[in-house]
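Values quoted throughout were computed directly from the atomic coordinates according to the rules given, and no laboratory measurement underlies them. Remember, predicted model here, so these are calculated numbers, not experimental data. Note that each Cβ is placed from the backbone with ideal geometry, even for glycine, and that neighbours are counted across all protein chains shown.
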Amino acid sequence: MSRTLLCYGDSNTHGTMPMESLGALGRFAHRHRWPRLLAELLPGWEVIAEGHPGRTTVHDDPVEGEHRNGRKALAAILESHRPVNLVLLMLGTNDLKHRFGVTASDIASGLERLVRMIRASGCGPMGGAPEVLVVAPPPIRETGVLAPVFAGGAAKSQQLGAEIGAMAARTGAAFLDLQGVIEVSPVDGIHYEAAAAEVLAQFFADKIRALD
């Protein structure tokens, strides 16, 4: 029986290319997006890429729009794809934007709210709870055109792995930390280069198989 994996993330799930100018809309071809490569490594799974550039955990973005609030979109997306066996939740990078003024601990708390929403959704098999795999994104750099937007975020991002890992432990969610696995692009300090897709796909596939 086929199982469903929902990849709920931001621009790095969407496949956004590193940005050399503000407003750039480049997106990697399907073969260079990690959800597509992950699907090839997981026969028997339907892998749904649900990545929205700019998506936060729980914050309305006063500049880019309240529709980027991951909490507000989550319930509808879960219901549209149910039954969902597993949600791969990879958010937090956009919360590092200077405009939000939150700590790494705050970001982990935002993710915890999403984990609890997923568990309470009734969108798993037979109306149960989907399993959750929480992924801590790699540390960012303050470089390129996005440096002013993420001012002060690099130091906070170094703490995300520990904070998100502790949250996953207390909620019983599976956890992966991307620090040391991949690095952000030196072009804009936020997005990933094409080569990261294969690394991520294999890393995620190994963990998902281990969850069975």
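Length available on full extension from residue 143 to residue 105: 0.36 nm per residue minus the Cα-Cα distance, which gives 11.3 nm. Normalised by the residues of segment 3-211, what does the relative contact order come to in percent, with Cα pairs under 8 Å and at least six apart? Normalised by residue count, the contact order of segment 3-211 is 24 percent. Taking springs between alpha-carbon atoms closer than 10 angstrom, which of 165, 23, 128 fluctuates most in the Gaussian network model of the chain? Maximum among the listed residues: 23. Listed from fewest to most Cβ neighbours within 10 Å, the set 97, 72 follows the order 72, 97.
Amide H contacts for residue 185 (H built 1.01 Å from N in the peptide plane; partners 5 or more residues away or on another chain; cut-off under 5 Å): 190, 191, 192, 193. Restricting attention to the chain, close to 10% of DSSP beta bridges with both partner residues there are antiparallel. In this rough spin-label picture, where each label sits 7 Å from Cα along the Cβ direction, the residue 21-residue 206 distance is 4.0 nm. Within the shell of other residues whose beta carbon sits under 13 angstrom from the beta carbon of residue 117, the net charge comes to +3, with Lys and Arg scored +1 and Asp and Glu -1.
For segment 1-120, the C-alpha radius of gyration divided by 2.2 N^0.38 Å, with N the number of residues, is 1.09. Under a 5 Å amide H cut-off, with hydrogens placed 1.01 Å from N, residue 132 pairs with 87, 174 among residues at least 5 apart or on other chains. Altogether, the Stokes-Einstein calculation at 25 °C and 0.890 mPa s, with the Kirkwood radius of segment 57-171 over Cα pairs as Rh, returns a diffusion coefficient of 166 µm²/s. Around the amide H of residue 45, modelled in the peptide plane, lie the amide H atoms of 3, all under 5 Å away and 5 or more residues distant in sequence or on another chain. Distance between the C-alpha centres of segment 77-114 and segment 178-205: 19 Å, rounded to the whole angstrom. Positive end of the dipole of the chain (Cβ unit charges, origin at the Cα centre): among 83, 70, 39, the Cα lying farthest that way belongs to 83.
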